[in-house]
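Participant: Take this structure first; my questions come after.
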Amino acid sequence: MKKCIFLLPAIIFLTGCWDQHMLSQTKLITAGGIDYTEDGKVVTTVSVPQAFLGDSGRGTVINQVFSGEGQTARQSRLRLDRKVSEQLDATKNQVLVLGEEVAKNDIYPILDVFYRDPKSALNAKMVVSIGSASEVINSKYTEPIKTIGIGEYLKEIITSAERDAVIPTDNLQTICPVMFDPGQDFVLPLFEPLEKTVRVAGLAFFHKSKMVGTIKEPLSVSYILLTGEKPMKELSTTERISSKHENNVWNFISVKVKRNKRDFTVKVTPSGKISAHIKLKTNVVVTEYPLDNLDSPAEIKKLENQLSKIFTKNTQEVIDKIQEMNSDTFGVGRKLMAFHYPTWEKLNWSKDYQKVDFSSSVDVQIDGNGIIE
């Protein structure tokens, strides 16, 4: 009884669930896409999965797709909300797809609505789609029609590519500070819509908040190798090492990266010339090599030299391409700001970045060849 007397006054100060949202009165968005119309209006397309119990007692998922158009991203979302009986809720959104035309323009006006809303799903994955984003959301996917929602399906594709070290690990939140960083740019996965699915086709590179170019596979794998920012144990690649065999399969070798040590240096000469160099020491395991003979130290050394030259050529091609795009995703400018600030103050980085002498070198060592002796 005494406990009740002490607890009763405390009830007065309890606010209760004044901001609750009933799940029965909402439709949860799991995937969203944004495009531009020809006259510059914003089109937002979303997928809302609905679970139903089938006749056999097994649950099925039906993906409802809605679309709204407006002058801004917020207005298009409000008009989209008027097309459904319940209230649309984006707090559980898993993937945000930007159409190609959206990405080529300043993407911040589109993302502003996400960053201002305290309930936004800032951990949502971001991708760029070849063509329109609505094509990705509206595709008649074979798998999620009966098993999971489109948002979950797209997220699993992205997560799988991240796990295989094919694309970097980023989301809405992680790209925000980089977007406003004068010394570094960012990169997003590139989707290619297919008939009944999508595939990760490569990477989309940005300068500030505009997409300036893309790199397709297999060069996108070389870019991830150059970053050196994540474990590479799942990164695999297949390279041509010969052209003399009639059976084409014999001309290739497949390797899996075991370790990848990266050394990134930026130097400035007394005359003000800037140079940057990424040096990689990459240990690999041979996963496919029909010619075999890998018990020979001479053959191993020969392959290491060949792979070192091929990897160096590929990584240098990547650096040349992103420098031509004017996308400083490796953060050369960030290193100049940190270690050579007097030089940085004199630069117009949007123009001077392309003048940097930027090079790479890769030293490949073979640590294993599978279980074949």
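The values are calculated or read from the model by the stated rules, or taken from the named source; none is laboratory data. Computed from a prediction, not measured in an experiment: that's the story for all the values here. FYI the Cβ positions are ideal-geometry reconstructions off the backbone, even for glycines, and counts take in every protein chain you see. Areas reflect the complete protein model, heavy atoms only, side chains present, ligands, DNA and RNA absent. Shrake-Rupley method; radii C 1.70, N 1.55, O 1.52, S 1.80 Å.
Participant: With the requirement that a residue be hydrophobic (A, V, I, L, M, F, W, C) and farther than 11 Å from Asn171 by Cα, what does segment 95-128 give you?
Facilitator: Val97, Leu98, Val102, Ala103, Ile107, Ile110, Leu111, Val113, Phe114, Val128
Participant: Inspect segment 186-205 for any residue being crowded, with 22+ Cβ neighbours inside 10 Å and not in a strand (DSSP E or B) and give the result as yes or no.
Facilitator: Within segment 186-205, one or more residues are crowded, with 22+ Cβ neighbours inside 10 Å and not in a strand (DSSP E or B).
Participant: Right, here's the next one. Applying the selection to segment 73-108, what residues are under 25 Å from the mean Cα position of the chain (by Cα) and either of a type in the set (S, T, N, Q) or at pLDDT below 85 (or both)?
Facilitator: Matches in segment 73-108: Asp89, Ala90, Thr91, Asn93, Gln94, Asn105.
Every residue, every condition in (1) modelled with pLDDT of 55 or more; (2) surrounded by 12 or more Cβ atoms within 10 Å (Cβ to Cβ), yes or no:
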site: Met1; (1), (2): no, no
site: Ile5; (1), (2): yes, no
site: Trp18; (1), (2): no, no
site: Asp35; (1), (2): yes, yes
site: Val42; (1), (2): yes, yes
site: Ser47; (1), (2): yes, yes
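Participant: Also, quick follow-up: Filtering segment 49-65 down to residues that are at pLDDT below 75 and β-branched (Val, Ile, Thr), which residue is least open to solvent (accessible area, probe 1.4 Å)?
Facilitator: Val61
Participant: Here is a list: Asp263, Asp170, Asp181. Which entry is within 21 Å of Gln316 (Cβ to Cβ) and open to solvent by 10 Å² or more (accessible area, probe 1.4 Å)?
Facilitator: Criteria check complete, one pass: Asp263.
Participant: Sticking with this one: Please go through segment 101-116 and pick out each residue that is charged (D, E, K, R) and in contact with a Lys or Arg (Cβ under 7 Å, 6 or more places away or on another chain).
Facilitator: Selection gives Lys104, Asp106.
Participant: Step by step: first the residues of segment 146-169, then only those that are touching a strand residue (DSSP E or B) at 6+ places or on another chain (Cβ under 7 Å) and assigned to a loop (DSSP other than H, G, I, E, B), then the one that is nearest to Leu336 (Cα to Cα). Which residue is that?
Facilitator: In this case the residue turns out to be Pro168.
Participant: Filter segment 111-138 down to the residues that are part of a helix (DSSP H, G or I), among the β-branched types (Val, Ile, Thr) and surrounded by fewer than 22 Cβ atoms within 10 Å (Cβ to Cβ) and list them by number.
Facilitator: Residue satisfying the conditions is Val113 alone.
Participant: While we're on this one: Go through segment 289-373 and tell me which helices (runs of 4 or more DSSP H), entirely inside it, have 1 or more residues that are open to solvent by less than 20 Å² (accessible area, probe 1.4 Å) and more than 21 Å from Leu226 (Cβ to Cβ).
Facilitator: Output list reads 297-325.
Participant: Further question: Please specify each residue of segment 337-360 satisfying the condition of being without any contact (Cβ under 8 Å) to a residue 40 or more places away in the chain and more than 11 Å from Gly183 (Cβ to Cβ).
Facilitator: Once the filter is applied, which keeps residues that are without any contact (Cβ under 8 Å) to a residue 40 or more places away in the chain and more than 11 Å from Gly183 (Cβ to Cβ), segment 337-360 yields Pro342, Glu345, Asn348, Lys351, Gln354.
Participant: Say we look at segment 215-228 and pick out the residues that are open to solvent by less than 60 Å² (accessible area, probe 1.4 Å) and not aliphatic (A, V, I, L, M); which of these is farthest from Leu122 (Cα to Cα)?
Facilitator: The extreme case among them is Ser222.
Participant: Tell me which residues, restricted to segment 123-139, are over 26 Å from Gly213 (Cβ atoms) and under 16 Å from the mean Cα position of the chain (by Cα).
Facilitator: Correct list: Asn123 only.
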